[in-house]
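Structure first, commentary second.
The values are calculated or read from the model by the stated rules, or taken from the named source; none is laboratory data. Note that the structure is predicted; figures quoted are calculated from it, not measured. As a convention, Cβ positions derive from the backbone with ideal geometry for all residues, glycine included, and neighbour counts pool all protein chains shown. Remember, those area values only see protein heavy atoms, side chains included, never the ligands or the DNA or RNA. Shrake-Rupley method; radii C 1.70, N 1.55, O 1.52, S 1.80 Å.
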Amino acid sequence: MVLVLDDFLIAPMAERQKALTATYAPFVSQGVEYPGIAACDDDEDGQLIRKLIPGGWTGEQTCFYRRSLKDDKQETFIHNDAAMAKYTAIIYLNERHQCKGGTAFWKHKATQIDEQPDSNDESLFKMLRDDGLDEKKWEWQRTIPMLFNRLVLFDSKLFHSRYPKENFGDKTSNARLLKVYFFQ
């Protein structure tokens with residue numbers, strides 16, 4: 001499931017301003033460091049997104065801003081968020097003139113899978129994780145273009161990435177800027 005809604009936030013410039021003034025720091029999860037993470041309010045936007053999830057959603061949610069600068073070291077590329085959540089939602093906070101690329105969805109060439117399998121096969125997980133750094137080992141499925149105030153909601157098991165691989169900007173005001181929700 002991938003759902004795209006434009007003009008999602010009621011006050012997108014106010015949300016962008018919050019993201020611009022947030023305090024960013026690295027966050028480590030499962031041994032992987034993610035640069036440019038900042039806490040944000042668990043607000044009514046999350047409540048609206050919950051209503052969009054098939055069957056509604058009553059579980060927990062996490063919300064944060066993600067800032068990706070051109071020179072940030074990225075330990076992951078093609079990945080899934082299954083270990084973090086059941087559903088992922090992103091809202092693009094870049095102004096229209098800054099929008100580049102978007103979010104791509106992928107299928108692994110060797111296994112022909114497009115989502116994290118329900119398996120306990122550690123060697124398969126390791127291969128998928130390692131192969132996630134090499135775009136040549138994946139088949140591009142589609143890209144949802146970045147657009148200011150666009151919501152992209154999807155099943156967290158789907159393999160996805162920022163696209164293109166390179167981030168942009170040398171400061172928060174011109175970097176790739178997102179509001180991210182994980183629904184556990």
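For Arg50, only one of the following conditions fails: (1) of a type in the set (D, E, K, R); (2) modelled with pLDDT of 90 or more; (3) within 29 Å of Ile113 (Cα to Cα); (4) assigned to a loop (DSSP other than H, G, I, E, B). What is its number?
(4)
For the range 143-180, which positions are part of a loop (DSSP other than H, G, I, E, B), within 20 Å of Ile78 (Cα to Cα) and of a type outside the set (Gly, Ala, Ser)?
Correct list: Met146, Lys157, Phe159, Pro164, Lys165, Glu166, Asn167, Phe168.
May I ask you to list the residues in the range 55-68 that are open to solvent by less than 80 Å² (accessible area, probe 1.4 Å) and either over 15 Å from the mean Cα position of the chain (by Cα) or farther than 30 Å from Asp134 by Cβ (or both)? Working first, answer last.
Of the residues in the range 55-68, the ones open to solvent by less than 80 Å² (accessible area, probe 1.4 Å) are 56-57, 59, 61-68.
Hits for the range 55-68 are Gly56, Trp57, Gly59, Gln61, Cys63.
Looking at the range 10-40, which of its residues are within 13 Å of Ile91 (Cβ to Cβ), open to solvent by 30 Å² or more (accessible area, probe 1.4 Å) and either of a type in the set (Ser, Thr, Tyr) or assigned to a loop (DSSP other than H, G, I, E, B) (or both)?
Within the range 10-40, Ile10, Ala11 qualify.
Yes/no per residue for (1) at pLDDT below 95; (2) of a type in the set (Val, Ile, Thr); (3) open to solvent by 30 Å² or more (accessible area, probe 1.4 Å); (4) not in a loop (DSSP other than H, G, I, E, B):
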position	(1), (2), (3), (4)
Ile91	no, yes, no, yes
Lys100	yes, no, yes, no
Ala110	no, no, yes, no
Phe125	yes, no, yes, yes
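Which one is most open to solvent (accessible area, probe 1.4 Å) among residues in the range 72-89 that are of a type in the set (Val, Ile, Thr) and part of a loop (DSSP other than H, G, I, E, B)? Reasoning before the result, please.
Quick first cut of the range 72-89, residues of a type in the set (Val, Ile, Thr) only: 76, 78, 88.
Subset that is part of a loop (DSSP other than H, G, I, E, B): 76, 78.
Values: Thr76: 33, Ile78: 7 Å².
Step by step, filter the range 72-89, then rank; the result is Thr76.
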